[in-house]
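**Student:** Shown below is the structure under consideration.
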Amino acid sequence: MKIAVCIKQVPARDSVLRLDGGRLQDSDLSYEINEPDAYALEEGLQLKEKHGGEVVVVCAGPERVGSTIREALAKGADRAIHIEGDLDAADPLGTATLIAKALEAEKPDLVLTGLQSDDLGYGQTGVIVAELMGLPHATIIMSVEVSASHMKIKRELENGFFQYVEVALPALLTMQSGSNKLRYATLMGIKKAKTKEVRKVDVAALGGLPEAAVTTVRMFLPERSKQSQIFEGDPRQAAAKLIEKLRFEARVL
């Protein structure tokens with residue numbers, strides 16, 4: 001069974017974000033694997049351990065994403081494809097187009113991605129890859145059981161409900177965070193990662209980055225503000241005013 005796992009490198013969650021001329025200043029940022037993609041990788045590794053085959057990691061970005069690729073290889077992925085290039089101007093369609101072209105020759109039985117990225121949060125790249133590759137897909141996946149020609153999957157819905165679906169292979173799934181327990185890279189895994197294949201494919205070799213259908217108009221840091229209101233008078237009247245504020249202004253009731 002050949003499993004392709006799409007991963008993304010994103011700024012670490014504790015990074016201090018700074019803007020320079022309307023763009024994110026990345027010179028002093030530290031980076032890590034996108035959390036939902038880490039769960040997709042773990043699911044792929046567990047399926048490989050149960051059913052055999054190989055796990056191929058696909059990651060797009062500049063040279064710095066090599067550290068994230070090596071982390072995935074150290075955890076147990078067999079080899080990797082690095083789509084090398086500047087993707088700052090890429091939208092989900094552009095990124096998905098590059099990934100789909102890079103996977104054409106691989107013909108994977110299963111493609112796994114994270115539900116969404118921690119930095120941009122579009123939640124679209126995975127399903128667009130499925131459309132471009134002509135694969136059935138399902139999203140927000142919590143667990144996967146693979147048989148000979150299909151999978152039984154568990155999807156997370158709202159209010160604590162779940163949906164159980166059968167999907168034919170080959171297919172694409174986008175994994176939800178918390179769907180399994182993440183593993184750490186062992187010392188032996190880190191050593192082996194240095195010898196595993198990382199095939200670099202330039203963006204130009206895949207036909208170049210398509211023109212973006214989505215553009216960023218403005219980028220800004222959220223403004224911090226504190227507002228407090230004190231309700232005078234009788235507790236009953238104060239409670240009634242509070243409920244009115246929560247219902248009609250905050251709209252949380």
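**Student:** Can you name the condition, by its number, that TYR122 falls short on among (1) touching a strand residue (DSSP E or B) at 6+ places or on another chain (Cβ under 9 Å); (2) surrounded by fewer than 19 Cβ atoms within 10 Å (Cβ to Cβ)?
**Tutor:** Failed condition: (1).
Table: residues versus (1) in contact (Cβ under 8 Å) with a residue 60 or more places away in the chain; (2) exposed (fewer than 10 other Cβ atoms within 10 Å of the Cβ); (3) more than 23 Å from the chain's Cα centre (by Cα); (4) outside the structural domain of PRO108 (by TED's automatic domain parsing).
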{"residue": "ALA185", "(1), (2), (3), (4)": "yes, no, no, no"}
{"residue": "THR216", "(1), (2), (3), (4)": "no, no, no, yes"}
{"residue": "ALA240", "(1), (2), (3), (4)": "no, no, yes, yes"}
{"residue": "GLU249", "(1), (2), (3), (4)": "no, yes, yes, yes"}
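**Student:** It is to be established whether one or more residues within the stretch 203-224 are in a strand (DSSP E or B) and under 25 Å from ILE3 (Cα atoms).
**Tutor:** No, the stretch 203-224 contains no residue that is in a strand (DSSP E or B) and under 25 Å from ILE3 (Cα atoms).
**Student:** Being part of a loop (DSSP other than H, G, I, E, B) and either free of Cβ contacts under 8 Å to residues at least 24 places away in the same chain or not small (Gly, Ala, Ser) (or both): is that true of GLY178 here?
**Tutor:** no
**Student:** Then there's this: Would you list the helices (runs of 4 or more DSSP H) that sit entirely within the stretch 53-142 and hold 3 or more residues that are touching a Ser or Thr at 6+ places or on another chain (Cβ under 9 Å) and not polar (S, T, N, Q)?
**Tutor:** Qualifying helices (runs of 4 or more DSSP H): 92-103, 125-133.
**Student:** Does the stretch 25-41 contain any residue that is of a type outside the set (Asp, Glu), under 14 Å from the mean Cα position of the chain (by Cα), in a loop (DSSP other than H, G, I, E, B) and surrounded by 12 or more Cβ atoms within 10 Å (Cβ to Cβ)?
**Tutor:** For the stretch 25-41, residues of a type outside the set (Asp, Glu), under 14 Å from the mean Cα position of the chain (by Cα), in a loop (DSSP other than H, G, I, E, B) and surrounded by 12 or more Cβ atoms within 10 Å (Cβ to Cβ): present.
**Student:** So CYS6 passes all but one of these: (1) assigned to a loop (DSSP other than H, G, I, E, B); (2) in contact with a Ser or Thr (Cβ under 8 Å, 6 or more places away or on another chain). Which condition number does it fail?
**Tutor:** Among (1) assigned to a loop (DSSP other than H, G, I, E, B); (2) in contact with a Ser or Thr (Cβ under 8 Å, 6 or more places away or on another chain), CYS6 violates only (1).
The values are calculated or read from the model by the stated rules, or taken from the named source; none is laboratory data. If you're wondering where the values come from, they're calculated on a predicted model, not measured in any experiment. Cβ atoms come from the backbone with ideal geometry, glycine included; neighbour counts cover every protein chain shown.
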